[in-house]
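A short write-up of the structure that comes next.
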Amino acid sequence: MTGNETAHQSPEQPHSGSRNESPTHKRDLTRRKVVVVGGAAVAAVGVGGGLAASAFADGAASPVSAKGTASGAETCYTLTSETTEGPYYIDADKIRQDITEDEEGIPMTLTLKVIDAETCKPVRNAAVDIWHCTALGVYSGYEAMGSGGGGGGSAPTDAPSGTPTDTPSGTPTGEPPSGAPSGGTGGGHSEPTDDERYLRGTWKTDKRGYVTFKTVFPGWYQGRCVHIHVKVHVDGKWTDAGYEGGHTCHTGQLFFDEKSVLASAKVEPYSTNTTTRTTLTEDTIYPQNGHEGGLLYLAYDKKRIAKGVRAHLTMGVAPDETHDSTDTQPSASASASS
């Protein structure tokens with residue numbers, strides 16, 4: 001894993017271009033219970049100076065680790081659920097915190113805390129990857145795949161009407177994910193179709209296990225609820241070229257509650273996305289298990305979500321294990337886009 005770009009500290013200017021896309025995979029509900037000192041509200045701590053986030057509102061607080069060993073006063077913490085990576089992962093091309101580039105959307109600050117689920121101690125200097133689609137459902141690097149199609153590259157069966165004229169038609173032109181069965185499970189990886197890398201980035205956790213990214217609120221595409229992909233890499237080395245070696249100890253996704261998604265859908269350019277949206281409860285990837293499954297804590301002005309959203313979550317991982325999504329088996333009853 002290598003990279004050649006430093007963190008961006010200033011906001012990017014939006015543009016009016018729109019794109020579209022679609023991928024595929026299945027969930028793995030592997031998880032276990034561990035302990036962590038109680039979950040009082042906590043201020044999110046950013047890294048890299050300029051992207052530090054303030055305390056989160058709405059009375060929501062994710063469980064966080066603390067110094068010391070387990071005691072009778074501790075509450076139960078669960079290992080964050082693993083899912084497959086989907087076919088559209090690109091390995092750490094951009095070492096940066098601000099992944100917005102020139103994409104339109106509601107500004108969002110995402111702060112994650114990574115802890116060892118066995119010891120409750122922060123995981124330091126880990127490489128955390130995130131990637132997600134645009135407001136109109138496009139993944140950078142795969143613009144030729146379009147948006148709204150299912151099966152990791154199969155043509156859409158119900159492409160919406162009213163699609164903006166400068167948006168790809170939704171009919172994929174790229175190859176389907178390598179190794180993915182008919183219908184797709186997302187276990188295969190598709191080679192990028194272009195050089196775009198917006199809404200993708202990698203950054204390291206600080207000594208307290210925190211990592212912060214600046215991005216935009218994701219949109220949606222056919223077959224999936226609104227989500228962000230995430231990977232955590234450990235035991236590697238940070239060099240001038242980026243992050244090298246080590247292994248992937250967590251592959252998962254981060255999710256958004258329905259109230260926030262419905263609020264975002266009233267704001268441009270999300271309001272121009274006519275693709276039928278899959279709800280959180282309908283999604284076949286989300287494990288339906290709340291914050292354990294990647295459901296984010298969100299803070300925003302309910303009347304003015306367009307001004308910005310702050311999202312955070314504490315993720316319990318198993319640093320000694322490898323979860324790079326290849327160990328996830330397809331479900332016999334369902335399939336979904338990534």
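Listing for the model above:
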quantity: Per-pair calculated FRET efficiency, R0 = 41 Å: K307 and D240 via Cβ, rounded to 0.05; calculated: 0.65
quantity: Length released on extending from R208 to T322, taking residue separation times 0.36 nm less the Cα-Cα span; calculated: 38.8 nm
quantity: Sulfur and carbon atoms: percent of accessible area, region 199-298 [1.4 Å]; calculated: 51 percent
quantity: For region 273-318, accessible area per residue (1.4 Å probe, heavy atoms of protein chains only), Å²; calculated: 41 Å²
quantity: Approximate spin-label separation E118-E282, in nm, with each point projected 7 Å along Cα-to-Cβ; calculated: 4.2 nm
quantity: Among 132-139, 266-273, the order from most to least packed when residues are scored by Cβ within 10 Å on average; calculated: 132-139, 266-273
quantity: Cβ-derived FRET efficiency at R0 56 Å, D91 paired with E268, nearest 0.05; calculated: 0.95
quantity: Proximal lysine pairs, region 203-338, alpha carbons under 17 Å, eight or more residues apart or interchain; calculated: 12
quantity: Ordering of 224-235, 98-109 by packing [mean C-beta count within 10 Å, highest first]; calculated: 224-235, 98-109
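The values are calculated or read from the model by the stated rules, or taken from the named source; none is laboratory data. Being a predicted model, the structure only gives us computed values, none of them experimental. Backbone-built Cβ (ideal geometry, glycine too); neighbour counts: all protein chains shown. All accessible areas refer to the heavy atoms of the entire protein, side chains included, with ligands and DNA or RNA removed. Shrake-Rupley method; radii C 1.70, N 1.55, O 1.52, S 1.80 Å.
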